[in-house]
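Reading through the structure tokens given below for one structure.
Quick note: the coordinates plus some simple rules give every number you see, no bench work behind them. Given the structure is predicted, the values throughout are model-derived calculations rather than measurements. Virtual Cβ from ideal backbone geometry, glycine too; neighbours counted across all protein chains shown.
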Amino acid sequence: MRSAPTHAGKRVTLRPGKGWMRRNFLTEVYFPSLFLRRRGQARRPAFPAIEGDQLCLTWVGHASFLITWRGLNILVDPIWSLWLKIVKRIRHPGLSIDHLPAIDLVLVTHAHFDHLDRRTLRQVARAQPIIVPGGVGGLVRGLGFARVHELKTWESLMIGDIEVTLTPCHHWGARVLHDYYRGFGGFHLRLGSRTVYHCGDSAYFDGFTEIGSRLPAEIALLPIGAYEAPSRREVHMNPEEAVRAFKELGAQWMIPMHFGSFRLSYEPIDEPLLRLQSAIDQEGVSSSVVIMEEGKPRVF
């Protein structure tokens, strides 16, 4: 009999780290980003025909993915907005929202504005179900979804033939200062014989080995950017930590995400991919890492 899970994740406090006032995020990053010309362009994707248990993944940008399996379309952390309130998106989404196929299920990992975008959710809602962590349901009710399911960490739910489990991570879920109670996590999807793990947002923590043991994943979608936070809190993995997490998960494929779309921290725009390339070369896992192009579907 399998033992009960031991890791429930870690919640980052809102207290800034030491030395957070030594640099000025407004002058170093925020104001310069307002004058940057947006990179990239929206493609009109040619979605390939898939057979049997084949998976098709399309990276929209940031942490947004379209996952297609057996004619079903799952959208994770969708955001098409070009602004997060006052933060400018510096890379266009990889495809137009109008070019999406009919969406059967939506997953949102936590309530932060760059993952739970109410404007986008209202556009994609067509009376399908949506799954969110506990305490987040109130933010998506009334947007057009037929059913809102809230999961606790390690809790699973079957939606037709799709099994979704909320996994632990090291992050926090508050959308504003007074709703620190909201849940957060990643999602493990079991799609027939195939498995996909979307990490959500997470700093590196000691829970990836247990996640990989309890919920083996063939494809791991892992964040590699926004690691030099203005608050100096430990809130996101850097590329080297993402590679370490990938190895601890025991997944077959790693797909990096959460970089290049928004300037949320101090590191240069192109640094995450450069550090990732160095890390995967050093660890000898280059053949297992797929760097996707936004808006370009890939079959696995």
*Sorting His171, His149, His178 on the 10 Å Cβ count, fewest up front, what's the list?*
His178, His149, His171
*Run down the aspartates and glutamates and flag those whose C-alpha is under 18 Å from the C-alpha of Lys152, throwing out any fewer than 8 positions away in its chain.*
Asp77, Glu163, Asp179, Asp201, Glu210
*What is the distance in Å between the Cα centres of region 158-202 and region 264-300?*
22
*Which value at 222 nm does the chain reach when only helices count, each DSSP H run of 4 or more adding -39,500 (n - 2.57), with the total divided by all residues and rounded to the nearest 500 deg cm²/dmol?*
-4000 deg cm²/dmol
*Could you tell me which chymotrypsin sites (Phe, Trp or Tyr not before Pro) in region 165-197 are loop residues by DSSP with no more than 14 other beta carbons within 10 angstrom of their beta carbon?*
Tyr180, Tyr181
*Specify the inter-centroid distance of region 1-34 and region 84-132, based on alpha-carbon positions, in whole Å.*
23
*Restricting the count to DSSP beta bridges whose residues both fall in the chain, what percent are antiparallel, rounded to a multiple of 5?*
60
*asked:* Restricting to DSSP loop positions (anything but H, G, I, E, B) with no more than 12 other Cβ atoms inside 10 Å of their own Cβ, which trypsin sites (Lys or Arg not before Pro) remain in region 84-133?
replied: Lys85, Arg126
*Highest first, please rank the peptides 245-256, 267-278 by the mean number of other Cβ atoms sitting within 10 Å of their residues.*
245-256, 267-278
*Sequence-distant or interchain residues sharing an amide H contact under 5 Å with Lys10, placed H: which?*
Cys169, His170, His171
